[in-house]
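As structure tokens, the structure follows; a few thoughts come after it.
Each reported figure results from applying straightforward, stated rules to the coordinates on display, with no laboratory input. Computed from a prediction, not measured in an experiment: that's the story for all the values here. Because the Cβ atoms are built from the backbone with ideal geometry, glycine has one as well, and the counts that use them run over all protein chains shown.
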Amino acid sequence: MRVIEFRAWDTEFEEFVNPQYSLLGLNIKYIFMQYTGLKDKNSVKIFEGDIISVFDYDTEFLGSAEVCFKDFSWSVKWLESSEECIVPFYETFCDEKTIKVIGNIYENPELIKE
């Protein structure tokens, strides 16, 4: 059985905290992000809210995307698209060598293009 894993963003102190201890301070807001069960090409765990770079097998850059949970499945929201373009993660994640975590929406908001 796969262990369900989370990380937590502390909105008051703007840092990630251990989710096991985050429920102790009830007056502080936390945003929880679930682990997808997948890792990138550097064996970095991919969580909801991560920003990833996607490459093809020839290492050509295809674009950046935010990992999200939509319609009961892991998906990616392409950041370079002029319209909201959300596709299932399995259509993007063909091989762990094609994905690299480059940040997340909380620590690296500059990576999200409006």
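For segment 44-60, 3J(HN,Hα) computed residue by residue from phi via the Karplus equation (6.51, -1.76, 1.60; θ = phi - 60°) reads 7, 5, 9, 10, 3, x, 6, 10, 10, 9, 10, 10, 8, 5, 8, 6, 7 Hz, glycine and proline entered as x.
Near Ser81, no amide H atom lies under 5 Å from its own; only residues 5 or more places off or on other chains count, and H is placed 1.01 Å from N. Maximal additional length on extending the Glu12-Lys39 stretch stands at 6.9 nm, based on 0.36 nm per residue less the C-alpha distance.
The Kirkwood hydrodynamic radius of segment 6-111, based on inverse pair distances between different Cα atoms, is 14.5 Å.
Tell me, what is the FRET efficiency for Ser81 and Asp58 to the nearest 0.05, using R0 = 30 angstrom and their Cβ-Cβ distance as r? Mind showing how you got there, number by number?
Values: r = 22 Å, r/R0 = 0.74.
It comes out at approximately 0.85.
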